[in-house]
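The values are calculated or read from the model by the stated rules, or taken from the named source; none is laboratory data. Computed from a predicted model, the values in this text were never measured in an experiment. A quick note on method: Cβ atoms are made from the backbone with ideal geometry, for glycine too, and the neighbour counts reach across all protein chains shown. SASA here: full protein model, heavy atoms, side chains in, ligands and nucleic acids out. Shrake-Rupley method; radii C 1.70, N 1.55, O 1.52, S 1.80 Å.
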There are 2 protein chains.
Amino acid sequence: MADTMNGLKRTNYCTELTIDNIGKEVVVAGWVQKIRNLGNLLFIDLRDRSGILQLAFDDATAREVFEKAETLRGEYVIMAKGVVRKREAINKDIKTGDIEIFVVDLRILGKAQTPPFEITDTTNVKEELRLKYRYLDLRRSEMQRAIQMRHKIVKVARDYYDEHNFLEIETPILIKSTPEGARDYLVPSRLHEGKFYALPQSPQLYKQLLMLSGFDRYLQIARCFRDEDLRADRQPEFTQIDLEMSFADEEDIMCTNEGFIKRVMKDALGVDIETPFRRISYAEAMNRYGSDKPDTRFGLELIDLSDILKNTEFKVFAGAIAGGGSVRAINVKDGAHHLSRKEIDKLTDFVKTYKAKGLAYTRLTEDSETSSFEKFLNEEEKNAIRERMGAKKGDVLLVVADADNNVVYDSLGALRCEMADRLGLIKEGTFDLLWVTDFPLFEYSEEENRYVAKHHPFTMPKVEDIDMVEKDPAHCLARAYDMVMNGCEVGGGSVRINDPELQERMFKALGFTMEDAREKFGFLIDAYKYGAPPHCGMAFGLDRLVMLMLEKDSIRDVIAFPKVQNASEPMSQCPNTVEDKSLRELHIKIDASAQPETK
Amino acid sequence: MADTMNGLKRTNYCTELTIDNIGKEVVVAGWVQKIRNLGNLLFIDLRDRSGILQLAFDDATAREVFEKAETLRGEYVIMAKGVVRKREAINKDIKTGDIEIFVVDLRILGKAQTPPFEITDTTNVKEELRLKYRYLDLRRSEMQRAIQMRHKIVKVARDYYDEHNFLEIETPILIKSTPEGARDYLVPSRLHEGKFYALPQSPQLYKQLLMLSGFDRYLQIARCFRDEDLRADRQPEFTQIDLEMSFADEEDIMCTNEGFIKRVMKDALGVDIETPFRRISYAEAMNRYGSDKPDTRFGLELIDLSDILKNTEFKVFAGAIAGGGSVRAINVKDGAHHLSRKEIDKLTDFVKTYKAKGLAYTRLTEDSETSSFEKFLNEEEKNAIRERMGAKKGDVLLVVADADNNVVYDSLGALRCEMADRLGLIKEGTFDLLWVTDFPLFEYSEEENRYVAKHHPFTMPKVEDIDMVEKDPAHCLARAYDMVMNGCEVGGGSVRINDPELQERMFKALGFTMEDAREKFGFLIDAYKYGAPPHCGMAFGLDRLVMLMLEKDSIRDVIAFPKVQNASEPMSQCPNTVEDKSLRELHIKIDASAQPETK
């Protein structure tokens, strides 16, 4: 049996103690990080959630305790009483490096087997193993910091929105399945044969109802679920800072949420953020950055060459433009020494993953000029391009032409980020924030052969576009907004339609009859008939916000128990099989015949 | 089309304005609660989440606005600009009863159909209809207050535990199904044919893992799920204030959580609570109150008469005692004028619902004595009982005898609460708090023919009982504790076993081999091998805590969107049917053969 704490009570976390506490009797507790046994002296690095503190044991003056300390091994859990004293050899790497505890009472509270990997940040362990033993991985100071910072960020969020009169209201997790949107997780019902609950993709409908109920300002740090094939940075369950405001418009939303970001960056990271954030329209973002979530920490902006080239003899360019697309380029300033022709070939492969058919280039060094396309242009076109691009010796121009503007945007947008990364144009520790506004209200779905809502069907059109909803949906803009941090969308939302007549027109424009709409959104449509205030809302992706704030590469590094790519959890090995009896109670059985219909 | 806010911005919630604001130009917004049109003057009661404010319209001085106001109907959403002025006829019933806004600009932001019921607290609407139109029901000031108070209570919880170094850490909602405990909600997996996630009944395993990971103090306001047949006061999803502490024992837990209750009662309700709370053992609670969650706001304690009656000739009593049970009674002081013999007969039916075979009584009025059992006793027995019960004229003694003590406890425990209720012994607005400690570690399951854990299998035995775990499980006590408020369990928890050897012995005592245990708890058992600190935890039932604090009768009155008895939600009509395609993707099909049940 292990020792008990009986009679001892921790007085301090490890790193609370400083040189000011010298002479004080303290009790500390934690895990054995490191042992150095010098024969007559023994030193332990004790680790708790706050950090590391040295414990000292002396064979000469406290033999019994010393002998007990000699039995310690890594990851043993101990509690130690002793006196704070100045340390002989100062360790500048740790906060408590100038003190140690001379231990007079040692309790071994939990023994430990040798862990499957060392509990250090420098450990180079495969993520698979880390996740299998997540409870050990979480002991590493890097994970401790991430989870503790996440707590802090969420606490600041709750304080901030509370101060701004937002009420945190819980909405259900077991809700109705709707056929719109991403794939729902379904939950069979035992009491209603053949019927299912869905897990919410977001609390969207409920938060709108809460506005109709008069709660005025709603907040929830809400768990959301999407049964989609996981990309690198997605989780089947994720967390949103979800909010909605009544009697408010986009100005209120932006101001309130800029305030939150300013506050959380300051309180959690000590970083000052300027407000208001810049705002750029969706159209401008696409034109200048090829992305609706532009990273504006660096230049490398897209430049449209279409007007110069629209009559060119060069079929590839002319054809793209004639087909409704464009020719655009970025100028990688001083990029020539980074980008050999071989490197440029690799970039061609890179843009092809974004469906570009190729990458044209001009490479200007001190003593040579090579170009994959200039030979097909006349002198005037060539000079006009060089001039517009501000091309100088040492620069590399990278050009994409396509009849589909989205291909041009996607490929050049990704390429500019890739180049910024390679050329080290992004300063670490900088946080670049902006709003993207004026999104299209609709987008045309080739698959469904109709316009679909870009944001969602409750999004309010811009005032000046309300009359065009039926006549010219392609050019209607939405009162929607995204917040972008360092080239990632961290949040977004919209002003909602609160007029049942306008809502009905929206549904028609989306190709729904009111019967379809009622089938899909049922009670929500009725709800708007009984007095709906103007309202608008927003949701932050919490996992991603925390990841960006802590400059992590993966949201898995800011979630205590994440799932992996195939939506399983390696530690508990879920999902798992269940007893037949359980399935019978739920009126379902396994359908082994069905083929997986994953896309 | 409705008006827009364009140019107007709310300056105040309705009840923020007072007599001190007279002359101030303000903008308010909300719903039309009531209209009084006097022909040339018109008054509106405007309702927002803060309460009611009177708007005044004058045909003589502001005709256009007056005429617009005449088009208003109940539940219209409006925004109004005007000047605060003193009111002619003071209304003492509302906070703003001495002022009104003389309106100069009125915007009709949302029209409203006549709602299916009036939005007032006095409305006597069936809960069914209220829940179908929950978004309207939530407009009632009673529901507004409940949800706003719930926000406040949760905010205080988060602040309090944050101040005490608890970290809020999110644990997964899609977890592994375990066969122990209540019935899990299951979620089919699309990517893993035939496998299922479960929704957590509590974050129990994860919070213990977080202690092993060194987070030291964990908090989560956690959604939990149980697919059980719903009793009146249960929901399929419910919320826990869930916490766990390392290097701590029951004293720390009790002190910390008493502090929370003291704080939340003060901050949310302005009520002072004395700490520390009283503590009584499980055994004492059962003996004195017949319940492990005793309501001690009143007396009516159970009194054991078994020693007096163990040799009685009266077979019913003697048999109960000889069979291992007891004869116990309560004295309903001055109850004779409340309890006619007919009433007592009804109480007999009442105790029968708790499996009692009958209810014996003695009724003492000023001029008569009637008893259902004294005639079977000798004089000595009768006198001894009267004396022990402190029986006086006007009293009624109610007696239950059974060979199963649990029947005696359950029926008399319920009866004393019923009598207190009927006799008005419970003062409203009083909050009675106590800890029940020293629960049995095990209870015998007739169904499984073995001992099962009363709390859960990770609960630490009392130090002095550790050696008896195998030898005498029936008499082992647990380091477990429940917090009881006004006769309801609001929270509970235990010290956990952190020694793998002792855990193994517990599993054996529960009849599990280590293989069984590993099958059931898998990774958790491994986790404890790598250095486990002493730890303990607790969870509050948030819904019930809020309900008790607000003195509501049902947890549905403190949940924004609750489900009803059959686990459905009347508003959205979930659960519902889903497309076959969705089921095929999940590799399941409806098993109509299972059990015919109503759709």
Discussion item. Tally up the residues in the stretch A:285-330 that are under 29 Å from the mean Cα position of the chain (by Cα) and either over 20 Å from A:Cys417 (Cα atoms) or outside any strand (DSSP E or B) (or both), please.
Written reply: 18
Worksheet entry | Residues satisfying the stated conditions in the stretch A:346-364, i.e. of a type in the set (S, T, N, Q) and out of contact with any Gly (no Cβ under 7 Å at 6 or more places or on another chain) | A:Thr353, A:Thr362
Practice prompt. State the number of residues belonging to the stretch A:273-294 that are among the aliphatic types (A, V, I, L, M) and in contact with a Gly (Cβ under 6 Å, 6 or more places away or on another chain).
Written response: 0
Fill in: Boolean, B:Ile90 is touching a residue at least 60 places away in the same chain (Cβ under 8 Å) and either more than 14 Å from chain A (Cβ to nearest Cβ) or touching a Leu at 6+ places or on another chain (Cβ under 9 Å) (or both)
no
Worksheet entry | Scope the stretch A:533-581; condition at the interface with chain B (Cβ under 7 Å from one of its Cβ atoms) and under 26 Å from A:Leu219 (Cβ atoms); matching residues | A:Pro533, A:Pro534, A:Ala560, A:Phe561
Fill in: Complete set of residues in the stretch B:193-228 that are part of a helix (DSSP H, G or I), more than 9 Å from every other protein chain (Cβ to nearest Cβ) and open to solvent by 10 Å² or more (accessible area, probe 1.4 Å)
B:Gln204
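Facing chain B (nearest Cβ under 10 Å) and of a type outside the set (A, V, I, L, M): is that true of A:Lys529 in this structure?
Yes: the conditions hold for A:Lys529.
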Response to the item:
For the stretch B:496-519, the count of residues that are over 30 Å from the mean Cα position of the chain (by Cα) and within 14 Å of chain A (Cβ to nearest Cβ) equals 11
Worksheet item: When you scan the stretch B:352-381, how many residues do you find that are part of a helix (DSSP H, G or I) and surrounded by fewer than 19 Cβ atoms within 10 Å (Cβ to Cβ)?
Response: 5
Worksheet entry | Tabulated pairs, the stretch B:552-575, first more than 30 Å from B:Thr430 (Cα to Cα), second of a type in the set (Phe, Trp, Tyr) and surrounded by fewer than 18 Cβ atoms within 10 Å (Cβ to Cβ), C-beta under 9 angstrom, 6+ apart or interchain | none
Worksheet item: What is the residue count in the stretch B:9-57 for residues that are closer than 24 Å to A:Arg217 by Cα and more than 43 Å from the chain's Cα centre (by Cα)?
Response: 1
Practice prompt. Name every residue in the stretch B:9-21 that is more than 9 Å from chain A (Cβ to nearest Cβ), open to solvent by less than 80 Å² (accessible area, probe 1.4 Å) and out of contact with any Leu (no Cβ under 8 Å at 6 or more places or on another chain), in order of residue number.
Written response: B:Thr11, B:Asn12, B:Thr18, B:Ile19, B:Asn21
Practice prompt. Scan the stretch A:463-486 and give yes if some residue there is at pLDDT 95 or above, on the phi > 0 side of the Ramachandran plot and among the polar types (S, T, N, Q), otherwise no.
Written response: yes
Discussion item. Could you go through the stretch B:250-272 and let me know if any residue there is within 14 Å of chain A (Cβ to nearest Cβ), open to solvent by 30 Å² or more (accessible area, probe 1.4 Å), closer than 25 Å to B:Thr437 by Cβ and not in a helix (DSSP H, G or I).
Written reply: no
Worksheet entry | Complete set of residues in the stretch A:468-478 that are open to solvent by less than 40 Å² (accessible area, probe 1.4 Å) and assigned to a strand (DSSP E or B) | A:Ala478
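Restricting to the stretch A:331-342, give me the number of residues that are open to solvent by 50 Å² or more (accessible area, probe 1.4 Å) and either part of a helix (DSSP H, G or I) or farther than 12 Å from A:Leu425 by Cβ (or both).
Filtering the stretch A:331-342 down to residues open to solvent by 50 Å² or more (accessible area, probe 1.4 Å) leaves A:333-334, A:337-338, A:341-342.
From the residues that got through so far, the ones that are either part of a helix (DSSP H, G or I) or farther than 12 Å from A:Leu425 by Cβ (or both) too are A:337, A:341-342.
Qualifying residue count, the stretch A:331-342: 3.
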Item to complete: Would you point out the residue of the stretch B:28-43, among those that are under 24 Å from B:Leu138 (Cα atoms) and touching a residue at least 40 places away in the same chain (Cβ under 8 Å), that is most open to solvent (accessible area, probe 1.4 Å)?
Response: B:Lys34
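Has the stretch A:9-22 got at least one residue that is part of a strand (DSSP E or B) and out of contact with any Cys (no Cβ under 7 Å at 6 or more places or on another chain)?
No, that holds for no residue.
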Worksheet item: Restricting attention to the stretch A:164-177, does a residue exist that is at pLDDT below 95 and more than 21 Å from the chain's Cα centre (by Cα)?
Response: yes
Worksheet item: Applying the selection to the stretch B:147-160, what residues are more than 7 Å from chain A (Cβ to nearest Cβ), surrounded by 20 or more Cβ atoms within 10 Å (Cβ to Cβ) and either acidic (Asp, Glu) or within 30 Å of A:Gly522 (Cα to Cα) (or both)?
Response: B:Arg150
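For the condition outside the structural domain of A:Arg544 (by TED's automatic domain parsing) and touching a strand residue (DSSP E or B) at 6+ places or on another chain (Cβ under 7 Å), what is the one hit in A:Arg422, A:Arg386, A:Arg416, A:Arg450?
Just one listed residue meets the conditions, A:Arg416.
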Worksheet item: Mind checking whether some residue in the stretch B:480-495 is touching a Cys at 6+ places or on another chain (Cβ under 6 Å) and within 14 Å of chain A (Cβ to nearest Cβ)?
Response: yes
Worksheet item: What's the number of the condition B:Ala182 fails, among (1) in contact with a Phe, Trp or Tyr (Cβ under 8 Å, 6 or more places away or on another chain); (2) more than 7 Å from chain A (Cβ to nearest Cβ); (3) closer than 28 Å to A:Gly194 by Cβ; (4) of a type outside the set (Asp, Glu)?
Response: (1)
Item to complete: Could you identify the single residue in B:Glu142, B:Glu163, B:Glu170, B:Glu128 that is within 7 Å of chain A (Cβ to nearest Cβ) and not aromatic (Phe, Trp, Tyr)?
Response: B:Glu170
Practice prompt. For B:Glu387, work out the one condition from (1) surrounded by 15 or more Cβ atoms within 10 Å (Cβ to Cβ); (2) without any contact (Cβ under 8 Å) to a residue 60 or more places away in the chain it doesn't fulfil.
Written response: (1)
Practice prompt. Looking for whichever is surrounded by fewer than 17 Cβ atoms within 10 Å (Cβ to Cβ), within 13 Å of chain B (Cβ to nearest Cβ) and more than 30 Å from A:Ala146 (Cβ to Cβ) here; the options are A:Thr61, A:Thr71, A:Thr4. Which one fits?
Written response: A:Thr4
